[in-house]
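Structure first, commentary second.
The values are calculated or read from the model by the stated rules, or taken from the named source; none is laboratory data. Predicted model, so just to flag it, every value in this text is computed and none were measured. Quick reminder, even Gly has a Cβ in these numbers, built from the backbone with ideal geometry, and neighbours come from all protein chains shown. Keep in mind that these areas ignore ligands, DNA and RNA; they rest on the heavy atoms of the full protein, side chains included. Shrake-Rupley method; radii C 1.70, N 1.55, O 1.52, S 1.80 Å.
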Amino acid sequence: MIHSGLATTVLVAGCLDDVSSGGPSDGGDGTGSDEGSEAQSTDDGEETDGEGQADAEADDSDSDDGPVSVVYAFLNAAVEEDLDRMSELSHSQNPLDPAAWVEDGWEFRGGGDEEEIEEIEIAVINDDPTVTDIFELEGAAFWFEEDALAETLEDADMALVEITADDPTEDDMLWLLATENGDWRYLFAAPVDDTPDDPEEAFEEPIEDEDDDVVVEIDWEYDSPTSDIQQAAVTLTEERGIDVNRIEIKSTIEGASTGAYDRDDDEFTASWDTGATLYIPYDTDGDQIVVTAINEAENESTVVHREHYEPEGGIIEAVQARVRIR
């Protein structure tokens with residue numbers, strides 16, 4: 001399934017984690033993905049709030065056919081599940097054109113609403129990025145071959161657009177747009193890399209779910225029988241002790257996320273009422289797992305558990321050792 005939600009904006013949402021081989025016939029290497037993520041939604045781009053729009057108005061990107069307006073149009077099409085419009089606004093080299101994935105057998109489901117769009121800010125942060133800049137984005141090296149992309153974009157204009165949401169469970173995103181046949185088109189998106197040099201700078205005070213509302217325990221030493229990537233096993237309560245319909249689990253430094261949902265939808269229900277265990281990659285040099293409980297109907301979220309992982313010998317020593325190895 002391809003799903004579109006608020007703020008996190010790489011399409012093929014929540015599905016790329018399941019891709020082991022193959023992909024849309026006309027896009028991408030199709031060998032895997034760093035992390036599934038979701039698309040956000042908005043209206044036609046004529047009205048926004050916040051500094052993002054003000055920044056956009058400082059240059060010509062706020063014109064009717066500029067990169068910011070194309071972002072709004074694309075997200076609006078995602079809400080309306082208008083795959084033809086989304087494909088029309090996609091660059092021919094966009095590896096995540098949802099129409100191509102649906103043609104290859106995936107399902108697309110839109111998400112978000114106009115009220116949520118008031119909480120996002122969109123701004124052009126680089127109006128002249130290079131192909132080298134593109135490969136600084138997470139996942140770009142997976143989807144593109146640098147020389148081939150440089151040749152394709154040789155005569156194109158490019159812009160890097162940042163999308164920021166107030167929702168603490170959403171990642172800030174970078175969208176790359178490039179002109180094709182004279183028109184701005186969506187090419188690629190990736191989460192903002194805000195990992196600090198010292199992981200402890202990103203840590204907040206631990207919070208223990210003492211009442212077992214959501215979390216029973218986190219096993220940092222889980223040995224996966226199917227993956228060489230170190231993961232933590234997060235055991236959930238058999239019955240939730242808090243009025244929410246969704247939880248999100250994130251590793252702060254590794255930047256991975258997973259979660260459980262309970263929605264009134266016959267086609268999609270993944271509840272934790274059976275004492276499920278979820279697995280999430282983390283940075284073995286030091287990391288923090290944050291569990292957030294979300295009531296989507298009330299638009300409320302609460303961090304119910306926050307736990308640190310510190311390797312034997314300490315985080316600073318582990319980071320210094322990693323730097324020496326490099």
Heavy-atom accessible area per residue - the range 67-191, 1.4 Å, Å² = 44 Å²
Computed about the Cα centre, the charge dipole of the range 67-191 from +1 Lys/Arg and -1 Asp/Glu charges at the Cβ has a magnitude in debye, to the nearest 20, of 300 debye
Roughly speaking, what is the stretch gain from residue 145 to residue 302, that is 0.36 nm per residue apart minus the C-alpha to C-alpha distance, in nm to one decimal?
-> 52.4 nm
Counting only heavy atoms of protein chains, what accessible area per residue, in Å², does the range 199-309 have with a probe of 1.4 Å?
-> 54 Å²
How do 205, 296 rank by accessible surface area computed with a 1.4 Å probe, from largest to smallest?
-> 205, 296
What nm distance separates the two modelled labels at residue 104 and residue 132, each placed 7 Å from Cα along Cα→Cβ?
-> 3.1 nm
What part of the accessible area of the range 67-191, given as a whole %, is carbon or sulfur when the probe is 1.4 angstrom?
-> 36 percent
Principal axis dimensions, largest first and in whole angstrom, of the range 67-191 by Cα | 40, 33, 27
Residue by residue through the range 249-258, the couplings from Karplus 6.51 cos²θ - 1.76 cosθ + 1.60 with θ = phi - 60°, in Hz, x for Gly and Pro, are 10, 10, 9, 5, 7, 5, x, 8, 8, 8
Separation in nanometres of the label points that stand 7 Å from Cα toward Cβ, at residue 166 and residue 154 | 4.8 nm
What list of ³J(HN,Hα) values in whole Hz, one per residue of the range 80-94 in order, does the Karplus curve 6.51 cos²θ - 1.76 cosθ + 1.60 (θ = phi - 60°) give from phi, with Gly and Pro shown as x?
-> 7, 6, 8, 5, 4, 5, 4, 5, 4, 8, 8, 5, 4, 9, 5
Cut-off under 5 Å, modelled amide H: who pairs with residue 104 long-range | none
